[in-house]
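Visitor: Once you've had a glance at the structure underneath, I'll fire off some questions.
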Amino acid sequence: MEILNLKGTEDTPTILLDKKNGIFEISGRSLPEDSAEFYKPVIEWINTYATAANPATEFAFKLEYFNTASSKLILDVLSALEEIKGVKVIWYFHDDDEDMEEAGQEFSELVEIPFEFKTY
């Protein structure tokens, strides 16, 4: 399966989805002009991965900031992850960033996936 590796910019997060090495991560800032278009290959990759997923999948979110449009797409990514057996989300946030911690808590209540919260 191809690796999805998108380099982050000021407005878009870095995305690395690598089945072989077990790396699944979205990090940085997410405020792309067209969130749906930006996240489309991510959701497509996850849907393909779900058909032959690794026995365990730890999907890391290390977001510093995301806008409202991105939050809908992050929920879409999480919804796609619900189809994967053995998936777990690791939600990272700076220890002084209550907003990002709360956002992770809210997402965790909207999907049927175990979440682990870590500060960095």
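The values are calculated or read from the model by the stated rules, or taken from the named source; none is laboratory data. Since the model is a prediction, treat every value here as computed from it, not as a measurement. Don't worry about glycine lacking a Cβ; one is built from the backbone with ideal geometry, like all the others, and counts go over all protein chains shown.
Visitor: What do you reckon, is residue 113 of a type in the set (A, V, I, L, M, F, W, C), without any contact (Cβ under 8 Å) to a residue 60 or more places away in the chain, part of a loop (DSSP other than H, G, I, E, B) and in contact with a helix residue (DSSP H, G or I) (Cβ under 9 Å, 6 or more places away or on another chain)? Steps first, please.
Guide: Values: of a type in the set (A, V, I, L, M, F, W, C): yes; without any contact (Cβ under 8 Å) to a residue 60 or more places away in the chain: yes; part of a loop (DSSP other than H, G, I, E, B): yes; in contact with a helix residue (DSSP H, G or I) (Cβ under 9 Å, 6 or more places away or on another chain): yes.
Considered against the rule, which asks whether it is of a type in the set (A, V, I, L, M, F, W, C), without any contact (Cβ under 8 Å) to a residue 60 or more places away in the chain, part of a loop (DSSP other than H, G, I, E, B) and in contact with a helix residue (DSSP H, G or I) (Cβ under 9 Å, 6 or more places away or on another chain), residue 113 comes out as yes.
Visitor: Restricting attention to the stretch 64-73, does a residue exist that is under 14 Å from residue 118 (Cα atoms) and either modelled with pLDDT of 95 or more or of a type in the set (Val, Ile, Thr) (or both)?
Guide: So the first thing to find is which residues in the stretch 64-73 are under 14 Å from residue 118 (Cα atoms), and the list is 64.
Right, trim to either modelled with pLDDT of 95 or more or of a type in the set (Val, Ile, Thr) (or both) and you get 64.
There is at least one residue in the stretch 64-73 that is under 14 Å from residue 118 (Cα atoms) and either modelled with pLDDT of 95 or more or of a type in the set (Val, Ile, Thr) (or both).
Visitor: If you don't mind, there's one more thing I want to ask. Of a type in the set (Phe, Trp, Tyr) and in contact with a strand residue (DSSP E or B) (Cβ under 6 Å, 6 or more places away or on another chain): is that true of residue 61 in this structure? Even if it seems obvious, please write down each step before you answer.
Guide: Details: of a type in the set (Phe, Trp, Tyr): yes; in contact with a strand residue (DSSP E or B) (Cβ under 6 Å, 6 or more places away or on another chain): yes.
Here the answer is yes, as residue 61 does meet what is asked.
Visitor: Quickly run through the stretch 37-61 and pick out the residues that are closer than 14 Å to residue 88 by Cβ and of a type in the set (Ser, Thr, Tyr).
Guide: 57
Visitor: Among the residues of the stretch 26-37, count how many are of a type outside the set (Gly, Ala, Ser), in contact with an Asp or Glu (Cβ under 9 Å, 6 or more places away or on another chain) and in contact (Cβ under 8 Å) with a residue 24 or more places away in the chain. Before the answer, list the steps.
Guide: From the stretch 26-37, those of a type outside the set (Gly, Ala, Ser) are 26, 29, 31-34, 37; that's our starting set.
Remaining after also requiring in contact with an Asp or Glu (Cβ under 9 Å, 6 or more places away or on another chain): 29, 31-33.
Applying the additional criterion that residues be in contact (Cβ under 8 Å) with a residue 24 or more places away in the chain yields 29, 31-32.
Summing the residues that are of a type outside the set (Gly, Ala, Ser), in contact with an Asp or Glu (Cβ under 9 Å, 6 or more places away or on another chain) and in contact (Cβ under 8 Å) with a residue 24 or more places away in the chain in the stretch 26-37 gives 3.
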